[in-house]
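S.K.: The following block contains the structure, expressed as structure tokens.
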Amino acid sequence: MPQQHQLDVRPLDIPDRFNAIFGKLDELARGDTLLLINDFEPVPLFGEMQNRGYTYEKQQKGPSEWHIKISKP
């Protein structure tokens, strides 16, 4: 059964976020999703996720809160 995971990277330094995000994504099983919470729209991340086969939906929740739901095919 697919599971939804959550990762809030706002407390991390910006250079550490990429590794934390892809480390968590690598742990997902096929069909799982990750709700990523960030304090800005991580535009460079979107291209890299697409290159790796992930899909995503993004939603701005406030001036400094973005939710990105990432799915592992």
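S.K.: Express the accessible area of the chain per residue in Å², computed with a 1.4 Å probe while the remaining protein chains stay in the model.
M.R.: The answer is 63 Å² per residue.
S.K.: Quick check: at a probe of 1.4 Å, how many percent of the accessible area of the chain sits on carbon and sulfur atoms?
M.R.: That share works out to 48 percent.
S.K.: Using 1/(1 + (r/R0)^6) with R0 = 22 angstrom and r between the beta carbons of Glu41 and Asp8, what's the FRET efficiency to the nearest 0.05?
M.R.: My answer for the efficiency is 0.90.
S.K.: Something else now. Between 0 and 90 degrees, rounded to the nearest ten: what's the tilt of helix 14-27 against the longest Cα principal axis of the chain?
M.R.: Helix 14-27 sits roughly 20 degrees off the main axis of the chain.
S.K.: Let me ask something additional. Assuming 0.36 nm per residue, please report the length gained on full extension of the stretch Arg52 to Glu27 beyond their Cα-Cα distance.
M.R.: 7.6 nm
The values are calculated or read from the model by the stated rules, or taken from the named source; none is laboratory data. Because the structure is a prediction, the values reported are computed rather than measured. Cβ sites come from the backbone with ideal geometry, for glycine too, and all protein chains shown count toward neighbours. For the accessible areas, the whole protein counts, side chains as well, though only heavy atoms, and no ligand, DNA or RNA atoms are used. Shrake-Rupley method; radii C 1.70, N 1.55, O 1.52, S 1.80 Å.
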